[in-house]
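Below is one structure; the comments refer to it alone.
The values are calculated or read from the model by the stated rules, or taken from the named source; none is laboratory data. Note that the structure is predicted; figures quoted are calculated from it, not measured. Here the Cβ positions follow ideal geometry from the backbone for every residue, glycine too, while neighbour counts run over all protein chains shown.
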Amino acid sequence: SLLVHWVPLVECGVVTGVVAVFHDISDLRQMEKMRRDFVANVSHELRTPITIIKGYAETLLAGALEHPTQATKFVSIVHSHADRLASLVSDLLTLSQLESGAVPLEARSVKVQEIAERVVVLLERKIRERGIIVDLAGLKDAPSVMADPGRLEQVIVNLLDNAVKYTPAGGSVTLSAADREESVTIAVQDTGIGIPSKDLSRIFERFYRVDSARSRDEGGTGLGLSIVKHIVQLQGGTVSAQSSGQGSTFFVTLNRADPTYGSGIAPAAAQ
Ligand code: ADP
């Protein structure tokens, strides 16, 4: 859409004509719409657990406290929704920090295998409870990447957590790496429910979910993948997802810490 501005042409204090100035404001409008949608989404996401917490607290106060079995059940529901709120606020903070550039990202040589091993320890309980097998063997010989170790850990936490969440018991998640001269592509592949092709291009958007009810049941915030995308892009990398029928694979490409050519000095400048 265009916004027209009429600017008078003045010569020696006399208006001699007008000039029409056209501004293309479609980008501005689009950004404003995205901001409004985001605020609406956040409000909706926050309101759901708050409503539930209030409802159960009121029921408890109205007399359910007198019935220990009921009371325990209600308090545990309150607890799990308070957890959801905490994850949401924490994800929102992370996103806003990443967007404002408030926290500079470190860039140092990082071993992907070491980070992945730490992540498996962090998620060990969930992995075990779900009966999922996680295979890291494919990361053994991966070259190091240039990254912020804490942020890369978060990327792998989010991808592995999703893989575990969206894979039925007995399934497996395989991490592997493929290297090129200047980059390393980390793949997180699961044997889970997969992602319909019409949704594949949108799952990195904030709050986009294939199945909202399922995501919420799993404690998802709908922000995990947008955080992944942000972190990776801030480090000069790319992300993508693939799914065909059975299972999904997420790819993260980052710069190699030791590129085998093009060490950053162009041949002409190196003379
Ligand atoms: P959520 O908190 O809902 O998991 P994400 O941003 O991490 O949010 O993911 C967005 C959506 O992408 C999920 O709701 C789910 O529908 C889909 N998704 C992500 N990872 C996988 C996966 N490994 N297998 C199937 N679907 C997935």
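Miscellaneous remarks
- Annotation note: Cβ proximity below 6 Å between a residue of segment 69-90 that is without any contact (Cβ under 8 Å) to a residue 24 or more places away in the chain and a residue that is hydroxyl-bearing (Ser, Thr, Tyr) and surrounded by 15 or more Cβ atoms within 10 Å (Cβ to Cβ) (sequence gap 6+ or interchain) occurs for 74/56.
- Residue that is polar (S, T, N, Q) and within 14 Å of residue 254 (Cβ to Cβ), where the choices are 201, 96, 183: 183
- Reported count of residues in segment 190-224, each being near the ligand (Cβ under 7 Å from one of its atoms) and in contact with a Phe, Trp or Tyr (Cβ under 6 Å, 6 or more places away or on another chain), is 3.
- Every pair of residues 6+ apart whose Cβ atoms lie under 7 Å, when the first sits in segment 236-258 and is in a loop (DSSP other than H, G, I, E, B) while the second is small (Gly, Ala, Ser): 245/194; 246/194; 247/192; 247/194; 257/109; 257/144; 258/144
- Residue that is nearest to the chain's Cα centre (by Cα), among those in segment 147-166 that are aliphatic (A, V, I, L, M) and more than 16 Å from the ligand (Cβ to nearest atom): 152
- Residue check, residue 188 in contact with a Lys or Arg (Cβ under 6 Å, 6 or more places away or on another chain) and closer than 22 Å to residue 230 by Cα: no
Residues are listed down the side, and each one gets a yes or a no for (1) within 22 Å of residue 219 (Cα to Cα); (2) in contact (Cβ under 8 Å) with a residue 60 or more places away in the chain; (3) among the acidic types (Asp, Glu); (4) touching a Cys at 6+ places or on another chain (Cβ under 7 Å):
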residue	(1), (2), (3), (4)
109	no, yes, no, no
112	no, yes, no, no
121	yes, no, no, no
134	yes, no, no, no
138	no, no, no, no
143	no, yes, no, no
160	yes, no, no, no
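- All positions within segment 220-230 that are surrounded by 20 or more Cβ atoms within 10 Å (Cβ to Cβ) and either more than 8 Å from the chain's Cα centre (by Cα) or within 15 Å of residue 89 (Cα to Cα) (or both): 220, 221, 223, 224, 226, 227
- Evaluated against (1) among the hydrophobic types (A, V, I, L, M, F, W, C); (2) within 13 Å of the ligand (Cβ to nearest atom); (3) over 19 Å from residue 204 (Cα atoms), residue 177 falls short on exactly one condition, (2).
Matching residues to (1) modelled with pLDDT of 85 or more; (2) within 39 Å of the chain's Cα centre (by Cα):
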site: 14; (1), (2): yes, no
site: 23; (1), (2): no, yes
site: 36; (1), (2): yes, yes
site: 47; (1), (2): yes, yes
site: 57; (1), (2): yes, yes
site: 61; (1), (2): yes, yes
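Conditions tested, residue by residue: (1) in contact with a Gly (Cβ under 6 Å, 6 or more places away or on another chain); (2) among the β-branched types (Val, Ile, Thr).
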site	(1), (2)
169	yes, no
211	no, no
220	no, no
227	no, yes
251	no, no
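- Tally of residues being within 17 Å of the chain's Cα centre (by Cα) and either among the small types (Gly, Ala, Ser) or modelled with pLDDT of 90 or more (or both) across segment 193-219: 17
- Scanning segment 220-271 for residues that are modelled with pLDDT of 95 or more, over 23 Å from residue 97 (Cβ atoms) and hydrophobic (A, V, I, L, M, F, W, C) yields 241, 251, 257.
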